[in-house]
Amino acid sequence: MPNNLKVLNSIHENMLQRSIPPGSLQFSSTNPAEYLAAVNGFQESCTSGFSEKMAKRLTTQRQNGVLKMRAAMCTNEIVNHFPEVAVCERQEKAARNGNNSWKDIDINSCLRIQSNLTQTPPLLGLKNHLNTQHGIFEMHNITIVRDSCDASDTGTEWPQSVANSKTLPHGSDKLPLFKLLHSFGQKGEGFGEFDEPVGVTFNPEGEIIVADYNNDRLQVLSIEGEIIRVHDHYSRESGKQFAFISPGGIACDPSGNMTVVEKARNRVVVLSPSGTILHAFGRHGKEQGRFRGPHGVSVDARDRIIITDTMNSRVQVFDHEANFLFLFGNKGPGKLNYPCYAIFHAGRFYVADTDNDCVKVFDTRGTFVRTFGDGFSAPSGIAVYKNKYLLVCDYSNDCVKVFSFDGRLLNSIGTSEEGSGQLFGPEAIAVSPEGKIVVTDKLNCRLQILELVN
């Protein structure tokens with residue numbers, strides 16, 4: 001789930017996720033007993049309802065040896081029958097009964113539970129594959145047109161599935177086509193490496209600023225992935241310095257000032273481009289102007305600061321000087337459940353309502369208007385592309401979905417896993433004024449850059 005925070009709801013609001021989050025375990029990929037212990041531990045650390053929800057999310061069909069499992073499988077079945085022997089018994093029994101639904105189970109894949117367990121190589125191999133340039137795709141028949149690709153790299157495609165042609169915008173005869181430009185980064189602590197990149201934005205110079213969550217820093221990079229500078233602290237005008245702790249959402253205003261959510265401190269800081277504090281506000285609590293596990297931030301055309309107060313299940317809005325204006329989403333028909341990101345565009349707030357698996361739309365005063373996005377699984381980052389499309393990171397489905405502003409699905413970009421042009425937990429998304437799109441491919445510990453070509 002975005003930034004591994006969902007599991008905290010069922011444990012304790014003051015337990016902060018750091019390098020080893022609550023309810024997570026590290027284990028080798030060669031010991032089935034450790035697998036069983038990890039899954040049992042995961043079940044025990046969560047409420048039964050949450051465990052059941054995660055079990056349902058294991059019900060997927062993916063290629064290349066990844067899990068195929070029946071929808072009817074419940075949490076206890078996963079825990080009790082997870083070891084190799086039990087799975088083999090199930091496969092043999094199914095074969096005798098003529099049931100093929102168990103034959104493709106890969107037990108290693110059972111632990112790929114989106115970011116709620118700490119994954120370590122070789123189970124997932126969070127390594128980067130860099131040969132991703134220049135893949136252009138015609139999406140209506142899913143044919144692939146590629147140039148300048150490494151023929152030895154079979155994962156360079158950027159697959160795109162499309163909705164029925166009836167979902168095209170009014171007056172349009174084409175679906176949006178995308179070109180993958182760059183993919184860079186890998187798991188690590190060095191410059192240009194990441195440990196779960198979360199929030200991302202562009203500054204006025206077109207540089208990328210990414211919140212490197214577990215490395216407690218911001219990294220500033222060029223569109224080609226060259227490191228420009230790193231902020232591991234910020235300071236007051238007096239010179240007193242503060243280390244970043246768990247930077248999450250990040251946004252820039254037209255002056256280049258950075259607004260950063262610090263989750264571990266339950267506060268927001270507004271910094272100059274050099275990292276000097278302009279404003280700092282918020283602390284733990286449920287009152288207005290206070291936060292519990294704040295996640296995303298955006299700055300709208302009015303320079304208002306929009307914060308998703310995630311564990312309070314609401315959105316709070318502040319002016320450019322950090323004065324509280326209003327909040328919404330905590331009650332009524334549009335009540336939110338663990339919202340992660342929110343933006344304001346053309347008189348509407350669009351909120352990724354993560355635990356309700358949808359996007360909710362509110363008017364200028366925060367009054368609920370409607371819901372869209374059937375088929376989402378933990379929607380996360382959200383952005384507008386040049387007043388044409390709404391882009392939403394579908395975190396647990398490992399793709400980015402493209403919508404019209406009236407909520408019609410136009411396209412879905414990306415497939416699961418760690419190969420070039422694939423996504424594993426896309427967390428946040430941002431669009432530059434020139435139309436470059438950056439996605440934080442969080443669980444692959446890298447960034448992917450693409451652009452719209454029609």
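Worth a mention:
- Residue order for E226, E193, fewest other beta carbons within 10 angstrom first, comes to E226, E193.
- Amide H within-cut-off set for C340, under 5 Å, with H built and near neighbours excluded: A352, T354
- Peptide packing for 349-361, 267-279, 298-310 was compared via the average number of neighbouring C-beta atoms within 10 Å per residue; ordered from the highest value, the list is 349-361, 298-310, 267-279.
- Prolate/oblate/rounded label for the range 135-452 (Cα gyration tensor, a/c 1.5): oblate
- Listed residue pairs exceeding 21 Å between alpha carbons, taken from K174/K360; K174/K401; K360/K436: K174/K360; K360/K436
- For K187, K442, order by how many other beta-carbon atoms lie within 10 Å, fewest first: K187, K442
- Distance between the pseudo-spin-label points of S235 and I277 (7 Å out from Cα toward the beta carbon): 1.4 nm.
Coordinate-derived values only; no laboratory data. All values reported here derive from a predicted model rather than from experimental measurement. Neighbour counts run over all protein chains shown; Cβ positions are idealised from the backbone, glycine included.
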